[in-house]
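Working notes, structure below.
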Amino acid sequence: MSMSDFDSSFHGGNEYKKFKEISRDRLLYEMIRSSKKPDSKSKWKVLIMDKVTVRIMSHSCKMAELTEEGVSLVEDINKRRQPLPNMDAVYYIQPTKENVTMLVSDLSGKSPLYRDAYIFFSSTIPKELVAEIKKEPTIKSRLRGMKEMNLEYFTIDSQCFITDHGKALEELYGDEEISRKGDECLTAMANRIATVFASMLEFPFVRYRAAKSLDPTTMTTFCDLIPTKLAAAVWNSLSKYKSLPNFPQIETCDLLILDRSIDQIAPIIHEWTYDAMCHDLLEMDGNKYVHEVQSKTGDYEKKEVLLEEHDPVWSELRHSHIADASERLHEKMTNFVFKNKAAQMQQGSRDGEQVSTRNLQKMVQALPLYNEQMDRLSAHVGIAGKINSIIRETGLMGLGQLEQDLVFGDAGIKDVINFLTEQMDLTYEYKVRLLMIYAATHPEKFESDELTKLIELGNLSPDDVNAVYNMRFLEAAPETFQSSNNPKHGLRKDRPGEESAWQLSRFYPMIEELIEKLSKNELPVNEYPCMNDPSPTFHGASHYVSARVLDTPSAHSMRSRRSTVTRPRYSDDGYSSDSVLRRTASEFRKMGKRIFVFIIGGATRSELRVCHKLTANLMREVILGSSSLDDPAQFVEKVKSLTPTENENENKDENETEVAETETEVVE
């Protein structure tokens, strides 16, 4: 089967596949599996990647899956490699001049590193680089295939991707001259976003947040135009994919482009779900958490836990309130020990009861699965317990209540002063986040003595002061605030029907309302225009987008989208849970068109939670994209970097003075 044949067959089928699953299958099957000659006796091959594509691969596939497809060795194209002239090589690389130079060096001459090569580029390769490859005469006989995979994004969740532009906030929103660097950042971001749609075979309506300046006499700044610029760049990048085989020629999904100013609160407020608390309160390395467990000898040893979607307990509880997750974990552990035969027999042997040979055999057979499940449940119980201890020890409940009261307009400066006065041992991190929330909800206080007094009361360092004042760069649009007739400074209103039994569940990210409005055709066109060529109805009497955005029955992704979304039924141990999409033939239902939401400047775990929630509510897969996925501490550090501290300014002035004096001496 040729590469093109495999590509065509891959697009078919009736099984519904979620976003991350499609990305994984393309890498494993459309790329790796297709890289094999029909008459080849050996299935083993070398996979060569660069520093970006190796991370794309690691987010999508496991090493065991690559091995199953015949990959025996993974190499870095930029490192010196051992020649393997009897093995074929699969290259998955970015289309850069440096990579192409290394590729040509590997395969040219009388002694190439590998026998034959299959080359896959992560995005569109410029014609001059193709010519560079073709002009080397010895490569042609060794080149078995060359293709643009158009897959240059990082799938960090079943419904989330990032473009890996971690410095986007600094490059786009700082107070220095940012237009040139900012344009470069947006162009690179747009190219990677476009590969999402090329990979998914989706052609989106490209909606974006319009410039937030409502006063026609006020000059529009670069920051105001960031969503507009990115939308235009994505649209231009998409145009080159219209000629791809099977790429739809009419719109099949929605893309909404926002920036971080749409919601300043979500990245810094304490989110009380299990997932968010893990990444906020615990020392984690990505999704890896290291904790101490007691061994059978009584000693303590370190053990790694991966909090990922392949863990059914994590998948079921990750978006639950920490109090709810803790209760359910306790119930799961109790039920598991009660129902599990191996556990009962172990307990019986401890109590001195005689264990029969038959029961002993059953216990031995059950032990491996028992141990695995018990280890997993014990790890989650331990993690939840650690989180609850931190909440108690730091007095986080009181801080969380004040944060939410500020956001909903039920607290003001007096409440903040009282809290800071009473909680003298509050950590500096918590103080900074509290004052950042106050600054976001009271932007008129940036130049006032009141904010200065709060900062003095908090005894903040120059870096921390920077974080508070730099919130002005992300100042929300006027329409985000409540009516000026209302004296409250709330950035949120309580949502009807959203009351929760759990304390501190009141907060919700702004994208929840925006996605719901988009799905109902209720996003105002003047605030969220569309890049696509307008139809006659698009600018009709209504202030909202034409129903053609949603009501085009034939305009679906070229990839099949049948699925079941059923009400979650929670299991005792998490292993039979269907809290994620479950495929039961009798319950197949048609999913609507996908919704993609991209946030420039970093997304949050609360926003990811909302996308999972709305996927079930709207029967449309909602996919979150961003330049990065940030935990609160990471976001605070990024906000600090938007402007230099006083010390950095002094050093800069000293350096400039020294340079000027040196130049004067040279002239003299």
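Please find, among V74, V90, V46, the residue that is free of Cβ contacts under 8 Å to residues at least 40 places away in the same chain, outside any helix (DSSP H, G or I) and of a type in the set (V, I, T). It is V74.
Would the range 52-66 turn up any residue that is in a loop (DSSP other than H, G, I, E, B), assigned by TED's automatic domain parsing to the domain that holds K20 and in contact with a strand residue (DSSP E or B) (Cβ under 6 Å, 6 or more places away or on another chain)? Taking every residue of the range 52-66 in turn, none turns out to be in a loop (DSSP other than H, G, I, E, B), assigned by TED's automatic domain parsing to the domain that holds K20 and in contact with a strand residue (DSSP E or B) (Cβ under 6 Å, 6 or more places away or on another chain). In the range 254-280, of all residues being among the hydroxyl-bearing types (S, T, Y) and over 17 Å from R433 (Cα atoms), the one that is surrounded by the fewest Cβ atoms within 10 Å (Cβ to Cβ) corresponds to T273.
The set of residues in the range 90-111 that are crowded, with 16+ Cβ neighbours inside 10 Å and acidic (D, E) contains only D106. Is there a residue in the range 438-454 that is over 21 Å from Y173 (Cβ atoms), in contact with a helix residue (DSSP H, G or I) (Cβ under 8 Å, 6 or more places away or on another chain) and of a type in the set (A, V, I, L, M, F, W, C)? There is at least one residue in the range 438-454 that is over 21 Å from Y173 (Cβ atoms), in contact with a helix residue (DSSP H, G or I) (Cβ under 8 Å, 6 or more places away or on another chain) and of a type in the set (A, V, I, L, M, F, W, C). For K134, the criteria (1) of a type outside the set (A, V, I, L, M); (2) under 18 Å from E148 (Cβ atoms); (3) modelled with pLDDT of 95 or more hold in every case but one, which is (3). It is to be established whether one or more residues within the range 189-207 are within 23 Å of E527 (Cβ to Cβ), modelled with pLDDT of 90 or more, touching a Phe, Trp or Tyr at 6+ places or on another chain (Cβ under 8 Å) and among the small types (G, A, S). Within the range 189-207 (the criterion being within 23 Å of E527 (Cβ to Cβ), modelled with pLDDT of 90 or more, touching a Phe, Trp or Tyr at 6+ places or on another chain (Cβ under 8 Å) and among the small types (G, A, S)), the answer is no, since none of the residues qualifies. If only residues of the range 71-98 that are farther than 18 Å from S141 by Cα and aliphatic (A, V, I, L, M) are counted, the one that is nearest to the chain's Cα centre (by Cα) is I93.
Quick grid of which residues meet (1) part of a loop (DSSP other than H, G, I, E, B); (2) outside the structural domain of W314 (by TED's automatic domain parsing); (3) more than 25 Å from the chain's Cα centre (by Cα):
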residue	(1), (2), (3)
V100	no, yes, yes
D106	no, yes, yes
P112	yes, yes, yes
F120	no, yes, no
M146	no, yes, yes
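Yes or no, residue by residue, for (1) under 30 Å from S519 (Cβ atoms); (2) of a type outside the set (G, A, S); (3) touching a residue at least 60 places away in the same chain (Cβ under 8 Å):
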site	(1), (2), (3)
F203	yes, yes, no
Y208	yes, yes, yes
K240	yes, yes, yes
P248	yes, yes, yes
T252	yes, yes, yes
L255	yes, yes, yes
E292	no, yes, no
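Within the range 308-355, being at pLDDT below 75 and not in a helix (DSSP H, G or I) holds for N340, D351, G352, E353, Q354, V355. Scan the range 517-529 and tell me whether some residue there is at pLDDT 80 or above, closer than 27 Å to I417 by Cα, out of contact with any Asp or Glu (no Cβ under 8 Å at 6 or more places or on another chain) and in a loop (DSSP other than H, G, I, E, B). No - not one qualifying residue is present in the range 517-529.
Evaluation of C278 against the conditions (1) within 30 Å of T195 (Cα to Cα); (2) in contact with a Leu (Cβ under 8 Å, 6 or more places away or on another chain) shows that the sole unmet condition is (1).
Contact annotation: residue pairs with Cβ atoms under 7 Å, 6 or more positions apart or on different chains, pairing a residue in the range 582-611 that is more than 27 Å from K229 (Cβ to Cβ) and surrounded by 14 or more Cβ atoms within 10 Å (Cβ to Cβ) with a partner that is among the polar types (S, T, N, Q) and at pLDDT below 95, are R582/T564; R582/T566; M591/S563.
β-branched (V, I, T), buried (at least 18 other Cβ atoms within 10 Å of the Cβ) and at pLDDT below 95, is that true of T441? The answer is yes for T441.
Residues in the range 424-438 that are surrounded by fewer than 17 Cβ atoms within 10 Å (Cβ to Cβ) and part of a helix (DSSP H, G or I): Y428, E429. Annotation: Y114 fulfils all but one of (1) surrounded by 17 or more Cβ atoms within 10 Å (Cβ to Cβ); (2) within 23 Å of S72 (Cα to Cα); (3) at pLDDT below 95; the unmet one is (3).
Here's the yes/no breakdown for (1) modelled with pLDDT of 70 or more; (2) under 23 Å from F596 (Cβ atoms); (3) within 28 Å of the chain's Cα centre (by Cα); (4) not aromatic (F, W, Y):
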| residue | (1), (2), (3), (4) |
| --- | --- |
| S4 | no, no, no, yes |
| S9 | no, no, no, yes |
| Y16 | yes, yes, yes, no |
| I22 | yes, yes, yes, yes |
| L27 | yes, yes, yes, yes |
| K41 | yes, no, no, yes |
| L47 | yes, no, yes, yes |
| V54 | yes, no, yes, yes |
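Can you tell me which residue among E283, E251 is among the acidic types (D, E) and surrounded by 14 or more Cβ atoms within 10 Å (Cβ to Cβ)? Answer to the selection: E251. Is it true that some residue in the range 623-644 is in a loop (DSSP other than H, G, I, E, B), hydroxyl-bearing (S, T, Y) and at pLDDT below 95? So far as the range 623-644 goes, yes, one or more of its residues are in a loop (DSSP other than H, G, I, E, B), hydroxyl-bearing (S, T, Y) and at pLDDT below 95.
The values are calculated or read from the model by the stated rules, or taken from the named source; none is laboratory data. Note that the coordinates shown come from a computational prediction; the quantities given were computed from them, not determined experimentally. Cβ sites come from the backbone with ideal geometry, for glycine too, and all protein chains shown count toward neighbours.
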